[in-house]
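One structure below.
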Amino acid sequence: MKRGDRLLKQFLSQFPAYEQKILKTIKDNVVDIMAMYNLGSYDAIHIGTAIYRKVYNIASFDEDFRRVGGIQLWNNRAFG
């Protein structure tokens, strides 16, 4: 576990990190995103934030993001 945590931190340190508050602008779109792409609330917040920040590439093992138009999911199709 410790080795995995160390490797993950080492990997993530190669990328810039930003913290984004969940603004009213983002929250106002979450319900629409949930309905449009059949996503749960947490996934919809991630997509709403990505769209707000103009980030169109997401690395995740969550295949649900594949349903979102305009988002490129990077996971090497690890689970499908």
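A few remarks follow.
- Anchor Lys24: lysines whose Cα lies under 18 Å away (excluding residues fewer than 8 positions away in-chain): Lys54
- Assigned charges on the beta-carbon of Lys, Arg, Asp, Glu; the chain dipole about Cα centre (debye): 360
- As an equivalent ellipsoid, the chain spans semi-axes of 25, 17, 11 angstrom, where each value is the square root of five times an eigenvalue of the C-alpha gyration tensor, largest first.
- Percentage relative contact order, the chain, counting C-alpha pairs under 8 Å, at least six apart: 20
- Here Tyr56 and Thr25 are evaluated by their C-beta separation; at R0 = 25 Å the FRET efficiency comes out at 0.90.
- Computed lengthening from Asp32 to Asn75, 0.36 nm per intervening residue step minus Cα-Cα distance: 12.9 nm
- Mean Cβ count within 10 Å, highest first, over the residues of peptides 17-30, 40-53, 57-70: 40-53, 57-70, 17-30
- Leading residue at positive end of dipole, the chain (Cβ point charges), from Gly70, Ala44, Gly4: Gly4
Values quoted throughout were computed directly from the atomic coordinates according to the rules given, and no laboratory measurement underlies them. None of these values were measured; they are calculated from a predicted model. All Cβ positions, glycine included, derive from the backbone under ideal geometry; neighbour counts span all protein chains shown.
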